[in-house]
1. Pairing the Cα long axis of helix B:82-96 with the longest principal axis of chain B, what angle in degrees results, from 0 to 90 and rounded to the nearest 10?
2. Where the eigenvalues come from the Cα gyration tensor of the stretch B:168-227, what are the semi-axes √(5λ) of the equivalent ellipsoid, largest first, in whole Å?
3. Residues of A:46-52, mean number of Cβ from any other protein chain within 10 Å of their own Cβ, rounded to a whole number?
4. Within 10 Å, count the other beta carbons around each residue, average over each peptide in A:234-246, B:98-110, and list them highest first.
5. When chain B is treated as a GNM, springs tying every alpha-carbon pair under 10 Å, which of B:P55, B:P194, B:P20 comes out with the largest mean-square fluctuation?
6. Dipole magnitude of the stretch B:20-70 about its Cα centre, charges +1 at Lys/Arg Cβ and -1 at Asp/Glu Cβ only, in debye to the nearest 20?
7. Using only Cα atoms and rounding to the nearest 10 degrees, what angle (0 to 90) does helix B:120-134 make with the longest principal axis of chain B?
8. Given the options A:G144, A:G300, A:G102, which has the most mean-square fluctuation in a GNM of chain A, springs set between C-alpha atoms less than 10 angstrom apart?
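Read-outs throughout are calculated quantities, based only on the coordinates presented, and are distinct from any laboratory measurement. Only a predicted model underlies this, so the values are computations on that prediction, with no experimental measurement involved. Please note: Cβ atoms are built from the backbone with ideal geometry, for glycine as well, and neighbour counts cover all protein chains shown.
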Amino acid sequence: MPLEPRRVSGPFARMRTSLSWRSDRSELWRYIGWRLIQLAIVLIGVSIVVFFTMHVLPGDVAMLLLGDRGTAEQLAKLRLQLGLDQPVVVQYLRFVLAAAHGDFGTSLTSNRAAFDDVSTAFPVTLQLTLAALTIATVIGVPTGVFASLRPGRTFDNLAMTFTLFGVSMPIFWLGLMLLLAFGATLDWLPIGGLSEVGMEPPRITGMSLIDAALAGSPSMFWDALRHLILPACTLATVPLAFIARITRAEMLATATQDHVRTARAKGLPRARVIVGHVLRNALIPIVTVIGLQLGLLLSGAVLTETIFSLPGLGRLMVDSILSRDYPVVQAGALFIAFVFVLVNLLVDLSYTLLDPRIRRA
Amino acid sequence: MTIAAPYPSLGAAKERWYAPAARVLRRHEAKLGLAIVLGFLFLTVAAPLLAPYDPYDQELSSALAPPSAQHLFGADQYGRDVFSRVLYGSRTALLAIIVADGLALLLGSALGLVGGFLGGAVDAIVMRLVDVLLAFPYLLLALIIVAALGPSLTNSMIAIGIVYTPQYARLIRGQVLAVRALDYVRAARAIGTPRWRIMLRHVLPNSFGPVIVMATLQAGSVVVETAGLSFLGLGAQPPSPDWGALLADGHNYFLTAWWIATFPGLAIFGVVLGFNLIGDALRDQFDPRRRT
């Protein structure tokens, strides 16, 4: 009689499945709840750091607002208006309450709400960061995988030399060199900005590429893409190198495990072993590293936006610091930290999708 | 009759203190890295001897002169010799490593040691502080600190030092947690040694090994980030010969004078590559999984 897998039947089968499924779900929600509490604690800490750091600024906010022309009387009046006469704890609580409503005060340079400046600049940084992360992942993961297939051979050596150069490269220098080569010398790509004058798509999302696509204009889309290539490639270099290195290392470590040997022994095609058994199990550290690149990308965006004259959040922060526009610095800092912490949470949660063991842990 | 020394093999098996370093230096990339770093250190010391011009000397007749026998790396917009400025810039880079990396090591070690050794509420507070600092992308935190302190080279080094503090704190804390459970620490407690003395004399020295590896790994990053802040105008101010500030000058003239930005960038790249090569070899040596 041929052996058949034992089937669980009867009234308890459905209940068992349902219980296990419910238990998984409730564990997952409990975990998400716990991580959200942690996120709230970290955000309170972040707001304290931002508020108190800005409050040790040499000079007084009221003096900054009035400039040199303000009289002592005007200064006292403004201090009263801004609540600077209140104890610092009261000032902090007011700051947090206002921040929760997106009110960070008025920019000292643009005279617009500080948060409006930040929300206008953010899509530029988001587009740049996503483009760079896509390039880094799409090239980095396959490079690491192929390098791990024949360790010590020509491709592996070339890839590892490239990645070593990549992690050692100051991106603000690389950006300049790419500008010099592809922008100034070869004249293949534009040397800065989001689009040519007269080719700006109507603002919908604030991301030039998407706005151009939504406008249905191929020429605008092509122009926006051409302007994005150099900054995105510059910003992608260091994360690409990190992703390729970690992919190679994890692939090599996973390839020696028993389940991979078993998969080979039972005669599975090589490609299936590599993708289905090695890469799949190496994915968690790879996703972690891809997620962790966000900090690197947001930091790198500050420099990249400066080189390529992009009106993003990084450039706004630097300009605001140089012009001592502290409401914008506070709004930008809190906003970036919030995005950063949120993405780290999403990366953590993505593990549960990739690895059932974590889901059940 | 002579009495044989008890357990002679124990002495023979004992490794010489420099053996791990010798193992690291057996790797070609470590040798190359060390050569680059030693070359960098030599240049910082010998800059006044090797520089053909004073890095601050302006010679307007040579403004934007391309590389030549007279100006090996060309001249900048004020006719200052780029080669001399790059040479002197190595001193700022070394200073950044000493100040920023040193500050991070000092603050991180103090936080990690106190948190890990005392545990309880102190540890919880230290680790939450570390979590909060890690919630900022590193350059953003540096920007906030520079915004508070004001743009200058010293403040940018302090900012980078604070940015790296959490990483050292986490590393030291992990080491301290392992070391504090060892017999000799418990013995020291049992004979009534004060806590501060146990921390400084017994726990800290025995937790410090991996920190040295980390300090080497971070040295290259510290150079890049300090230069990055100077490039943004938030670090070294003109006319200091700082690699980041030189690159910022080059940015303004890159269409007409490529040499102003190219050579300082190459210098940063070379130094970072050197430290990364040594760091990689050290990491491979100290990571058992990689060593096997």
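1. 30 degrees
2. Values: eigenvalues 190, 20, 12 Å².
The equivalent ellipsoid of the stretch B:168-227 has semi-axes of 31, 10, 8 Å.
3. Per-residue shielding by partner chains comes out at 3.
4. Put in order of decreasing packing, that is A:234-246, B:98-110.
5. B:P194
6. Values: 4 positive and 4 negative charges, 135 e Å.
Charge dipole of the stretch B:20-70: 640 debye, to the nearest 20.
7. With both axes taken from Cα atoms, the answer is about 20 degrees.
8. A:G102
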